[in-house]
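*Asks:* Before anything else, here's the structure in question.
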Amino acid sequence: MLRSLFQKIKQGIIRTRSAFGSVLDLIRGRGRIDQDFLKELEKRLYLADIGGSAVATIVDRVRQAFLNKEIDDNVVAFVQSELRALLDSPTESIRYASAGPTILLIAGVNGSGKTTSIAKLANLLKKEGKSVLVAACDTFRAAAVDQLTIWSERIGCEIVKNQMGADPASVAHDACEKAKARGLDVVIVDTAGRLHTQAHLMREIEKIHRVIGKQVVNAPHEVFLVLDGTTGQNAVTQAEMFSKSVKCTGIILSKLDGTAKGGAIFMIKQKIGLPVKFIGVGEGIDDLEVFDPDNFIKALFE
Ligand SMILES: Nc1nc2c(ncn2[C@@H]2O[C@H](COP(=O)(O)OP(=O)(O)OP(=O)(O)O)[C@@H](O)[C@H]2O)c(=O)[nH]1
Ligand SMILES: [Mg+2]
C-alpha cells in the first residue's frame, strides 16, 4: 500500500523529477566541489524553480559545509536535507472540529482546480469512512453547479445547491444547517474563482466565511487555497495577494502532474508561510495525495 502510494507520487511529479534529476546528475558526475561546480549547482537548482533565495541559501551551505569538511561524498544527502529543511514538518492534513461538522472553505483564482480538488478530497474522506457534504457555492455559472453535482453522484456524497445566481452565502448557510441536522462529519464549500483585485467578489467570500462562522462554532476550520502548480512562481504571487483578503490556513497544490515547476513548493513555504496540505497529481478522482514532505523529497531524487 505504502509502496504503491510512493510510486504514484513519483509518477505524479515525473516532470518535476526530471528537473531535479539534472541536479542529481551534476552531483554524481562531479570531480570536486569547486567554483565551477557551485556555479553549475546554482544554475540547475534555479532551473528546478525552487526560487532565488532558497538557491542562494543552499549553495552557500554546500560551500560552507565543504570548507568545514562536513561533506565530502555525501553531497546528494546534504542537498536533500537542505531542501527538506525548507519544507514544513508534517502536520495534520485537516484540523477537525472537536464537535459537530468540520467546515472546509475552498478558495482560489479561476481554473486553479478548486472543484476537481474538492471532488477528490470528498472521495478521500469518504474512503476514510467520513460522511461528506459538498456545498455548491459557485453560483456564478450553471456549469459549476452541474460539475459538482456530477462529481457528488459519482462519489456518492451529499450536495447542497441552488440555482445559478443564488446568494452563495445562503447556499453555505443551508449546507451547514443540513450537516448539523444530519450529523454529517465534513462540509466542503466550493466557491467561484476570483482575483484578489475583484473587490466585490472578495467581499462575497468574506460573507460566506462570516455566515459559516455564525452557523458552526470556530468554522470554517480550514480555508484551503487551491494553487495551480503549473504556474510556478506565479502561484506564489497569487497566494501572497489572496491571503491579504482571506485568511488561508493551507494550500492545495494542483496539477503537479503536468509541470516541471513543482519546485515552487519550496517557495510557497518560504514566502507565504502556509503549509501545503494536499497535492493534485492528475484529473482522476483518486489523484489527490496528502502532502508528505519526506516522501516528496525522496521521490524527487529517486
Ligand atoms: N492534470 C491535472 N489537471 C487538473 C488537476 N486538478 C484540476 N485539473 C484540471 O484543471 C481544470 C480546471 O479545474 P476545476 O476544478 O474546474 O477548476 P476551478 O478552480 O474549480 O475552476 P473555476 O470554478 O472555473 O474557477 C479541469 O480541466 C481539471 O480537470 C490536477 O491535479 N492535474
Ligand atoms: Mg470550480
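*Asks:* Scanning region 138-158 for residues that are crowded, with 18+ Cβ neighbours inside 10 Å and closer than 19 Å to Ile205 by Cα, which turns out farthest from ligand 2 (Cβ to nearest atom)?
*Replies:* Only one residue tops the list, namely Thr139.
*Asks:* Name the residues in region 87-112 that are closer than 19 Å to Ile279 by Cβ and either within 14 Å of ligand 2 (Cβ to nearest atom) or without any contact (Cβ under 8 Å) to a residue 24 or more places away in the chain (or both), would you?
*Replies:* Glu92, Ile106, Ala107, Gly108, Val109, Gly111, Ser112
*Asks:* Take the residues in region 113-136 that are touching a residue at least 40 places away in the same chain (Cβ under 8 Å) and of a type in the set (Lys, Arg); name whichever of them is nearest to ligand 2 (Cβ to nearest atom).
*Replies:* Lys114
*Asks:* Taking helices (runs of 4 or more DSSP H) that do not extend beyond region 22-140, which have at least 2 residues that are polar (S, T, N, Q) and closer than 30 Å to Arg154 by Cα?
*Replies:* Qualifying helices (runs of 4 or more DSSP H): 114-127.
*Asks:* Name the residues in region 196-249 that are outside any helix (DSSP H, G or I), over 21 Å from the mean Cα position of the chain (by Cα) and more than 28 Å from Asp185 (Cα to Cα), would you?
*Replies:* Correct list: Thr197, Gln198.
*Asks:* Does Ile265 fit the bill of being in contact with a helix residue (DSSP H, G or I) (Cβ under 8 Å, 6 or more places away or on another chain), under 17 Å from Thr230 (Cα atoms) and either within 16 Å of ligand 2 (Cβ to nearest atom) or not in a helix (DSSP H, G or I) (or both)?
*Replies:* Taking the combined requirement at face value, the residue does not satisfy it.
*Asks:* For region 120-160, what are the residues that are near ligand 1 (Cβ under 8 Å from one of its atoms) and of a type in the set (Gly, Ala, Ser)?
*Replies:* If the condition is that a residue be near ligand 1 (Cβ under 8 Å from one of its atoms) and of a type in the set (Gly, Ala, Ser), then Ala144 is the only one that fits.
*Asks:* Kindly provide the set of residues from region 73-86 that are without any contact (Cβ under 8 Å) to a residue 12 or more places away in the chain and not charged (D, E, K, R), ordered by number.
*Replies:* Hits for region 73-86 are Asn74, Ala77, Ser81, Ala85.
Residue by residue, here is whether (1) of a type outside the set (D, E, K, R); (2) closer than 13 Å to Ala299 by Cβ holds:
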| residue | (1), (2) |
| --- | --- |
| Phe6 | yes, yes |
| Lys10 | no, yes |
| Ile14 | yes, yes |
| Arg17 | no, yes |
| Ser22 | yes, no |
| Asp25 | no, no |
| Gly31 | yes, no |
| Gln35 | yes, no |
| Lys39 | no, no |
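*Asks:* Shifting gears a bit: Restrict the check to region 182-192 and report whether at least one residue is away from ligand 2 (no atom under 16 Å from the Cβ), farther than 20 Å from Gly100 by Cα and part of a helix (DSSP H, G or I).
*Replies:* no
All of the numbers you see were taken from the coordinates with simple rules; none came from a lab. Remember, predicted model here, so these are calculated numbers, not experimental data. All Cβ positions, glycine included, derive from the backbone under ideal geometry; neighbour counts span all protein chains shown.
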